[in-house]
Amino acid sequence: MKPKYTNSARYKCLEYLKKQSVDLYLSYCGMEECDSCHSYGPIKRTEYLLHYIISGKGIYTVDGKTYHLGKHDGFIIYPNETTYYEADKHDPWIYIWIGFDGIKAETCLNYASFSKENRINNFNCED
């Protein structure tokens with residue numbers, strides 16, 4: 001499948017990338033400036049998906065637990081888990097995301113202090 005790039009005022013995404021490595025590979029990536037109450041899910045993913053919140057607020061729900069997130073928070077979605085996330089009504093988030101997979105994906109997440117027990121991290125960086 002040929003790679004696709006979507007570039008609009010509020011949504012940018014690179015997807016359908018050819019899988020070049022079994023160790024760790026990029027599936028897709030993008031960014032979105034969400035509308036008020038914009039939601040995604042409930043849905044299951046086939047790969048890992050990492051979101052990083054640039055600004056705004058929202059919620060992320062997985063395994064019956066809801067996390068309230070904001071600027072500089074990152075959250076991980078594991079393959080084959082049902083998740084739901086939604087932008088705040090008054091301060092909707094802007095986030096970037098990266099979808100990836102491979103046999104070393106979970107090891108790389110552990111190095112970044114992500115796990116199924118620790119799905120949320122705060123990365124206080126401006127760049």
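The values are calculated or read from the model by the stated rules, or taken from the named source; none is laboratory data. Keep in mind that this is a model prediction, so the values were computed, not measured. Only protein heavy atoms, including side chains, enter the accessible area calculation; ligands, DNA and RNA are left aside. Shrake-Rupley method; radii C 1.70, N 1.55, O 1.52, S 1.80 Å.
Once the gyration tensor of the Cα atoms in the range 24-115 is diagonalised, the equivalent ellipsoid follows with semi-axes of 22, 14, 12 Å, ordered largest first.
Note on exposure: Ser36, Ser55 ranked by accessible area (1.4 Å probe, complete protein assembly) read Ser36, Ser55, with the most exposed listed first. For His38, the residues 5 or more places off, or on other chains, whose built amide H falls under 5 Å of its own are Ala87. Using the alpha carbons alone, the radius of gyration of the range 76-127 stands to its Kirkwood radius in an Rg to Rh ratio of 0.99. Once all protein chains are placed together, Arg10 keeps about 100 Å² accessible to a 1.4 angstrom probe.
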